[in-house]
Amino acid sequence: MPKNDPPHADLVLEGGTVIDGTGAARQRADVAVAGERIVAVQVPGSGPPVAARARIDVTGRVVAPGFIDVHTHDDNAVLVNPSMTAKLSQGVTTVIGGNCGISLAPVLDIEPPPPLNLLGAREAFRFASLRDYAEAVDAAAPAVNIAALVGHSTLRVGTMASVERRANAAEIDAMRRLLAESLEAGAIGFSTGLWYRPNAAADADEVAALAELVGACDGVYATHMRDEHDGVLESLRESFDTARRAGVRVVISHHKCAGPRNWGRSRETLPLIEAARAVQPVALDVYPYTAGSTVLEPEMVDPAIRILVSWSLPFPALAGRELAAIAADWGCSQPQAARRLAPAGGIYFQMDEADVRRILAYPPSMVGSDGLPHDKHPHPRLWGTFPRVLGRYCREEGLFSLETAVHKMTGLSAGNFGLRERGRVVAGAYADLVVFDPETIEDRATFDDPEHPAAGVEHVIVNGRLSWSQGVATQHRAGRFLRRD
């Protein structure tokens with residue numbers, strides 16, 4: 001082809017407004033895709049039209065990088081439900097699994113304790129290595145990409161006779177070997193869930209001994225901190241100190257100030273994070289709701305807040321009901337009801353809206369759903385997180401510009417998690433793209449009706465293949481396991 005000839009494309013998104021994921025101002029441009037890559041971003045009048053096999057008129061719509069959900073528990077979902085409709089329908093093209101210290105690999109044939117049971121039952125834990133898991137993902141051909149963190153709780157359960165204590169030297173060596181093998185197989189990092197029982201006995205020395213392996217290969221350490229309630233400041237300091245010792249960049253997972261006593265304390269936590277960022281690499285993610293969701297256990301029950309049951313193994317019909325109402329029916333306390341419902345999950349209305357807004361607006365914060373795909377009555381964040389940010393917090397409330405909102409869920413996320421060649425609309429990048437209507441995009445999932453697709457997401461392209469169009473999944477499932485570069 002002569003040097004100045006325009007590229008040929010399989011598909012051109014024509015006439016849209018490109019928001020490129022970097023935070024830069026929007027511009028009108030055509031986006032051309034050939035194979036798995038973007039081959040041109042062409043401003044009208046800047047050259048001859050790109051020849052293409054197919055064209056889609058996206059006039060009046062935004063063309064943006066596919067959204068990156070940095071905080072998920074989709075490890076098993078991409079295998080058992082590879083259509084991934086909950087994510088694809090809201091414009092997500094890549095998910096990060098293995099958060100909160102829990103990952104599906106590397107561990108084999110265990111009876112998963114809470115919270116590992118959020119990923120599935122015993123039969124789900126069938127991968128002795130991350131390499132085996134990655135091969136299973138590629139064989140399943142999910143509709144979205146997945147990159148994997150290795151969970152500390154998973155490592156502990158797989159190597160320790162009891163997780164109720166700190167690991168000894170031999171156990172730490174065994175965990176280090178598994179983590180090193182996982183990093184070699186393409187894991188992007190390591191996560192902890194120090195608030196949860198399988199991980200809580202680990203001290204900072206144990207965490208640092210593992211996290212330093214991640215730092216040595218420029219990976220990511222993501223942490224569900226030891227305490228997001230009264231001890232939130234101390235837990236932030238522990239997270240920063242551990243990461244600094246290990247020489248690794250740290251992501252504070254789903255940052256929040258939980259429990260009514262701590263509402264408003266984001267005025268303290270965000271300056272502390274900002275000070276840490278001045279001396280070390282620190283990132284954070286947040287979901288746009290005042291309720292969280294995890295396992296339901298008696299010691300986690302706070303009668304001062306509303307709690308919904310999201311699933312219960314012995315009482316499946318009670319999913320979606322309030323714990324207080326169930327306790328009243330049974331004539332017992334809420335902790336007693338939680339014990340009777342177990343194993344179970346709960347949705348906890350434990351945050352203040354002003355804190356959520358303040359953390360969302362903080363420029364370094366990324367967007368992550370923390371959705372739980374196996375819950376019978378899931379938190380609506382599983383289906384609605386990204387359109388909720390764009391519709392409610394950006395368009396309706398003006399918390400930030402549309403360019404900033406897109407950056408928080410694309411380019412910023414790709415940079416923090418080392419996903420090179422994704423998260424931007426630029427020639428040469430992988431063609432993960434979303435087309436949405438900025439005037440109508442909104443979440444439709446609610447706490448009463450949580451599995452409702454969003455409005456306003458018109459087209460989603462994953463690795464160059466049109467995977468979602470006008471409210472319907474296509475026949476293409478083009479996602480894959482993303483290995484660390």
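The values are calculated or read from the model by the stated rules, or taken from the named source; none is laboratory data. Please read these numbers as outputs of a predicted model, since none were measured by experiment. Note that each Cβ is placed from the backbone with ideal geometry, even for glycine, and that neighbours are counted across all protein chains shown. Surface areas here come from the heavy atoms of the whole protein model, side chains and all, with no ligands, DNA or RNA. Shrake-Rupley method; radii C 1.70, N 1.55, O 1.52, S 1.80 Å.
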(request) May I ask which residue of Thr22, Ala202, Ala187 lies farthest towards the positive end of the charge dipole of the chain, with charges of +1 (Lys, Arg) and -1 (Asp, Glu) on Cβ and the Cα centre as origin? (result) Thr22
(request) Take each of the peptides 93-103, 333-343, 313-323, average the number of other beta-carbon atoms within 10 Å over its residues, and list them starting from the highest. (result) 93-103, 333-343, 313-323
(message) Report the Rg/Rh value for the stretch 55-117, based on alpha-carbon coordinates and the Kirkwood definition of Rh.
(response) 1.14
(request) Calculate the radius of gyration of the Cα atoms of the stretch 275-403 to one decimal place, then report Dmax, the largest Cα-Cα distance, as a whole number, both in Å. (result) 17.1, 54
(request) Can you tell me the dipole magnitude for the chain around its Cα centre, using point charges on the Cβ only (Lys, Arg +1; Asp, Glu -1), in Debye to the nearest 20? (result) 500
(request) Convert 37 °C to kelvin, take the viscosity as 0.692 mPa s, use the Kirkwood radius over C-alpha pairs of the stretch 248-344 as Rh, and evaluate the Stokes-Einstein diffusion coefficient in µm²/s, rounded to a whole number. (result) 210
(message) Taking Cα extents along the principal axes in Å straight from the coordinates, which label in (1) 71, 49, 44; (2) 63, 58, 48; (3) 66, 57, 42 is the correct one?
(response) (1)
(message) Treating the stretch 1-140 as a set of equal point scatterers at the Cα positions, no solvent, please give the Debye-formula log₁₀ I(q)/I(0) at q = 0.10, 0.11, 0.17 Å⁻¹.
(response) -0.52, -0.59, -0.93
(request) Compute the acute angle (0 to 90°) between the alpha-carbon long axis of helix 130-140 and the principal axis of greatest extent of the alpha-carbon atoms of the chain; round to the nearest 10°. (result) 50
(message) Once neighbouring chains are kept in place and the probe is 1.4 Å, which whole percent of the accessible area of the stretch 206-340 is contributed by carbon and sulfur?
(response) 53
(request) Please report the base-10 log of the normalised intensity I(q)/I(0) for the stretch 1-84, using a Debye sum with one equal scatterer per alpha carbon and no solvent, at each q in 0.16, 0.22, 0.25 (1/Å). (result) -0.72, -1.03, -1.19
(message) Report the gain in length on full extension from Gln475 to Arg339: 0.36 nm times residue separation, minus Cα-Cα distance, nm rounded to one decimal.
(response) 44.6 nm
(request) For the stretch 380-485, state the semi-axes of the equivalent ellipsoid (square roots of 5 times the eigenvalues of the alpha-carbon gyration tensor), sorted largest first and rounded to whole angstrom. (result) 23, 18, 13
(request) Quick one: pull the percentage of alpha-carbon pairs in the stretch 181-242 with a separation above 17 Å. (result) 39
(message) Once you keep just the Cα pairs under 8 angstrom separated by 6 or more residues, what percentage relative contact order results for the chain?
(response) 20
(message) From Cα pairs below 8 angstrom and at least 6 apart in sequence, can you work out the relative contact order of the stretch 264-367, rounded to a whole percent?
(response) 41
(message) Give me the percent of accessible area attributable to carbon and sulfur for the stretch 426-485, probe 1.4 angstrom.
(response) 45
(message) Nothing charged except the Cβ atoms of Lys and Arg (+1) and of Asp and Glu (-1): what's the magnitude of the dipole of the stretch 241-393 about its Cα centre? Round to the nearest 20 debye.
(response) 300
(request) Multiply the residue separation of Asp485 and Arg420 by 0.36 nm, subtract the distance between their alpha-carbon atoms, and state the gained length in nm to one decimal. (result) 22.6 nm
(request) Could you tell me which of Val462, Gly60, Gly45 has its Cα farthest along the dipole of the chain towards the positive end, charges placed at Cβ (Lys, Arg +1; Asp, Glu -1), taken about the Cα centre? (result) Gly45
(request) Report, to two decimal places, the Cα Rg of the stretch 144-199 normalised by 2.2 N^0.38 Å (N = number of residues). (result) 1.16
(request) Divide by every residue of the chain the summed helix terms, -39500 (n - 2.57) for each DSSP H run of at least 4, and state the resulting mean residue ellipticity at 222 nm, rounded to the nearest 500 deg cm²/dmol. (result) -7500 deg cm²/dmol
(request) Compute the acute angle (0 to 90°) between the alpha-carbon long axis of helix 204-216 and the principal axis of greatest extent of the alpha-carbon atoms of the chain; round to the nearest 10°. (result) 20
(message) Before I look further, what does the chain give for accessible area per residue, probe 1.4 Å, in whole square angstrom?
(response) 36
(message) Could you work out the relative contact order of the stretch 196-276? I mean the mean sequence separation of Cα pairs under 8 Å and 6+ apart, divided by the number of residues, in percent.
(response) 33
